[in-house]
Amino acid sequence: MKYTLQILLLFILFILGSCISQFIPQTSEDKQLLVVEGMITDQPGPYTIKLSRSLPLGAKSNATPVKGCTVSLSDDIGNTYFLAETAAGIYLTDNSQFQGSIGRFYTLHININSPANNHTYESTPIELKPVPPIDSVYYEKVTIQAGTNTSSAEEGCQVYLNTQDPSSQCKYYRWEFTETWEFILPYAVPNKTCWVSANSNMINIKNTSSISEDKIVRYPLNFVSNQTDRLKVKYSILVNQYSLNEDEYQYWDKLQNMSQQVGSLYDIIPSSVSSNVYCLDNPNEKVLGYFSVSSMSSKRIFIKDHFAGMPDPYSAGNCIADTISGGAPLPSGLNSTVWIIISNLMPPYVVTTYSKGCYDCTVRGTNVEPSFWTDNK
């Protein structure tokens, strides 16, 4: 009897599990809102404005670009600059005609030339505020796991930033960064050394409006763990610091809160984050995204240090499928689906692998050394 009940219970659980379907709640939100993304700075352009349509809740396709628009910028002294559409939904300024200037107010204008939505949009005028230089970017080793008799130590790297504005003109800050790192294959192959770059995918903001001194010390900008090979050879991080007005700071702050609240129907939704772009023809129409105007300062550091517990993605378990004698000619009848690596093992061997990334570093990165890489040997 007990055995029969167990079988019946398993059968019921199987039926229930097979009947699970995706639940997409009904909402009153518009399903295809205009999304505006773009920023101009006081650094040489070109600057990019990206226009697209938002997706309905539960949609899995890519956002739809908004093509064929007339996009322009105007300033507070009567100048107008038109942007050219270089790809679907991507609009660029002319580098020879326009560069942002500190103290000027800029407005974004968008005309959607579509029979289905022939509307005009504008941003609020935004002042390009000055930003101080970054005082310093530095790192400290962090112990992830101490070494024991049975396990090795593991270390990561915490990157910090210091900045200040004695003039107290910039009280709202935002940072972006680009990581670049070198990696080397442990085999004597043509494409042995490569570089990889990755842009930051987190929101880094800070304001000093509530403290007496416009100074930021030990801001934790980025933590580099031991889960990748970023720190194995040589690592660089380029940090861009932007000035914000209070409204844009509030926009990024709400986005940051939204990104931290996931998994509930009652979390903040994107349309609740106010944009600074609005529709002139229909003030009730919601627009997503933000048109940013900011000055920028930058600083790069290099890290070439030993960190315990760095991974080896090219270990025998990950790369080597087999080894054979390296004598010439190579044995005939090798499987055509494997790559041959000339190994530095002694005596000479060749290695066969099913992963092209073990043979050719350009699978992950580029074999062209970045122009700035020799800035720090």
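The values are calculated or read from the model by the stated rules, or taken from the named source; none is laboratory data. Just so you know, these numbers come straight off a predicted model, no measurement behind them. Reconstructed Cβ throughout: ideal geometry from the backbone, glycine too, with neighbour counts over all protein chains shown. Heads up: the accessible areas ignore ligands, DNA and RNA and are worked out on the full protein's heavy atoms, side chains in. Shrake-Rupley method; radii C 1.70, N 1.55, O 1.52, S 1.80 Å.
Distance between the modelled labels on Tyr138 and Asp281, one decimal in nanometres: 5.7 nm (7 Å Cα→Cβ projection). What the Cβ-Cβ distance of Asn95 and Met202 gives, at R0 = 30 Å and to the nearest 0.05, is a FRET efficiency of 0.55. Across the range 152-163, coupling constants 3J(HN,Hα) worked out from phi with the 6.51/-1.76/1.60 Karplus curve, θ = phi - 60°, read 8, 5, 10, 10, x, 9, 9, 9, 10, 9, 10, 8 Hz, and Gly and Pro carry x. Working value for the range 132-207: equivalent-ellipsoid semi-axes of 34, 21, 10 Å, each the square root of 5 times a Cα gyration tensor eigenvalue, largest first.
With Cα atoms as the point set, the range 165-294 shows a radius of gyration and Dmax of 19.8, 65 Å. Calculated accessible area for the range 147-244 comes out at 43 Å² per residue, all protein chains present (probe 1.4 Å; ligands, DNA, RNA ignored). Each residue, Gln169 and Lys67, gets one label point 7 Å from its Cα in the Cβ direction; the gap between the two is 4.3 nm.
Of Phe302, Phe291, the residue with the largest accessible area leads and the full order is Phe302, Phe291 (1.4 Å probe).
Using a simple spin-label model with pseudo-atoms 7 Å out from Cα toward Cβ, Glu213 and Thr178 lie 3.4 nm apart.
With all protein chains in place and ligands, DNA and RNA left out, the 1.4 Å accessible area ranks His306, His109 as His306, His109, largest first. Take the Cβ-Cβ distance between Thr80 and Asn118 as r, set R0 to 22 Å, and report the resulting FRET efficiency rounded to the nearest 0.05. Calculated transfer efficiency: 0.60.
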